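What follows is a set of notes on a single structure, which appears directly below.
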Amino acid sequence: MATTLKNLSEYSDKNIADVAGKRFAIVVAEWNAQVTEALFEGAHRTLLKEGAQAENIIRKNVPGSFELTLGAQWVAERADIDAVICLGCVIQGETRHFDFICNAVAHGLTDVGLKFNKPVIFGVLTPNTLEQALDRAGGRHGNKGDEAAVTAIKMLGF
Ligand code: RBF
């Protein structure tokens, strides 16, 4: 996979915005919860580390990654939310729906970001196995949740 050489938790300070006062929504898919909880922990911790206030971070759960799009829309339309971070895990080897779900979510989240003109981040792991997912959810390749949070912060500094 392309992320083999990149640690998802490492990032440069370039374009890191001042996020004090910025308000974030984190939308978490419950499917593959062992993975998505770890993604949430990473994203939440990184937002706090970069200066976001705990009271300015809300969390919403959706059943599966397919529902991330509508969940993202419901929070993105709120005037009090500056950026939306969507977290999910679709495991290819276990999911015949893999292509349907991944394509729908990728296109759907892109549309929501454009519609509401604010960052909507695709923090969805699409590995072949659970082991590869865990490697990217706080394991040896870092945490995709960290990367998603940093992406939101950098987009707010655009
Ligand atoms: N949702 C995920 O977030 N990750 C998955 O790996 C995943 N695999 C699924 C496999 C099957 C066979 C089905 C039916 C659903 C799966 N979903 C998965 C749930 C999907 O995102 C959505 O919640 C449901 O399809 C809604 O009924």
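A short reminder: the numbers here are calculations on the coordinates, not readings from a lab. In this text the structure is predicted, and so the values were computed from the model without any measurement. Because the Cβ atoms are built from the backbone with ideal geometry, glycine has one as well, and the counts that use them run over all protein chains shown.
Brief remarks on what is shown
- Here the sum of -39500 (n - 2.57) over DSSP H runs of 4 or more residues, divided by the residues of the chain, equals -13000 deg cm²/dmol at 222 nm, to the nearest 500.
- Rough spin-label spacing in nm, given labels placed 7 Å along Cα→Cβ, for Arg78 and Glu41: 2.5 nm
- Restraint check, Lys6/Lys60; Lys14/Lys60; Lys118/Lys144; Lys14/Lys144; Lys6/Lys118; Lys14/Lys115, Cα-Cα greater than 24 Å: Lys6/Lys60; Lys14/Lys60; Lys6/Lys118; Lys14/Lys115
- Sparsely packed trypsin sites (Lys or Arg not before Pro) within the stretch 84-145, loop by DSSP, other Cβ within 10 Å at most 11: Arg96, Arg140
- Choice from Leu114, Leu125, Leu134 showing the highest fluctuation, given a GNM over the chain with Cα pairs closer than 10 Å: Leu114
- This model, with +1 at the C-beta of Lys and Arg and -1 at the C-beta of Asp and Glu, gives the chain a dipole about its Cα centre of some 220 debye.
- Each distinct pair of alpha carbons in the stretch 77-122 adds a 1/r term; the inverse of their mean, the Kirkwood radius, is 11.7 Å.
- Each Lys and Arg Cβ is given +1 and each Asp and Glu Cβ -1; about its Cα centre, the stretch 4-55 then shows a dipole of about 160 debye.
- DSSP beta bridges in the stretch 46-158 [antiparallel fraction, %, rounded to 5]: 25 percent
- Distance between the 7 Å Cα→Cβ label points at Arg59 and Leu114: 3.2 nm.
- Modelled spin labels at Lys49 and Ile16, positioned 7 Å past Cα toward Cβ, are 0.9 nm from each other.
- Kirkwood radius for the chain, taken over all pairs of different Cα atoms as the inverse mean of 1/r, rounds to 15.3 Å.
- When the GluC sites (Glu not before Pro) in the stretch 23-96 are filtered for DSSP coil states and for at most 14 other beta-carbon atoms within 10 Å of their beta-carbon, the remaining sites are Glu30, Glu77.
- Note on the chain: GNM, Cα springs under 10 Å; of Thr110, Thr36, Thr69, the largest mean-square fluctuation is that of Thr110.
- Take every pair of alpha-carbon atoms less than 8 Å apart whose residues are at least six positions apart; their mean separation over the length of the stretch 1-140 yields a relative contact order of 28 percent.
- Percent of C-alpha pairs per 5 Å bin, the stretch 86-153, short to long: 4, 17, 24, 23, 18, 10, 4, 0
- Max mean-square fluctuation residue, GNM over the chain, Cα-Cα springs under 10 Å, options Gly142, Gly21, Gly88: Gly21
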